[in-house]
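Have a look at the structure below, then the notes.
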Amino acid sequence: MSRRIDRSWVVLASLEDAEAMRCVDVFRRTDGSFGFEEFRRDVEDRGTWTPVQYFSTQSFATQDAALAAAHRAVRWLAERH
């Protein structure tokens, strides 16, 4: 699991860009709240997913609300759909 996502959180969706170099994870925390984080994968990092934003500090009441916020905040994700 990538940094900035606590091991106790459950990743519900992992959405990648067309090149598989960017990813957004949508997760549920143990308190029942939801969130998301954006990651990148680079050759120099040996393919490890590295967080690129601090979206995981935001909290949402539902998975749908977290996903909608991700689409507003992450340009490539919004352009994907």
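The values are calculated or read from the model by the stated rules, or taken from the named source; none is laboratory data. Quick caveat: nothing in here was measured; it's all calculated off a predicted structure. Positions of Cβ are generated from backbone atoms using ideal geometry, with glycine treated the same way; all protein chains shown enter the neighbour counts.
In the range 24-59, the residue that is surrounded by the most Cβ atoms within 10 Å (Cβ to Cβ) out of those that are of a type in the set (A, V, I, L, M) and under 17 Å from Ala73 (Cα atoms) is Val24. Search the range 24-81 for residues being polar (S, T, N, Q), in a helix (DSSP H, G or I) and under 12 Å from Arg4 (Cα atoms), and hand back the single one that is nearest to the chain's Cα centre (by Cα). My answer is Ser56. Looking across the range 7-23, the residues that are surrounded by 13 or more Cβ atoms within 10 Å (Cβ to Cβ) and assigned to a loop (DSSP other than H, G, I, E, B) come down to Trp9, Asp17, Met21. Reported count of residues in the range 66-79, each being surrounded by fewer than 17 Cβ atoms within 10 Å (Cβ to Cβ), touching a strand residue (DSSP E or B) at 6+ places or on another chain (Cβ under 7 Å) and over 17 Å from Ala20 (Cα atoms), is 0.
With the structure loaded, tell me whether Ala20 is more than 11 Å from the chain's Cα centre (by Cα), on the phi > 0 side of the Ramachandran plot and at pLDDT below 95 or whether it fails that test. So that I can check it myself, show each step before the final result.
Numbers: more than 11 Å from the chain's Cα centre (by Cα): yes; on the phi > 0 side of the Ramachandran plot: yes; at pLDDT below 95: yes.
Taking the combined requirement at face value, the residue satisfies it.
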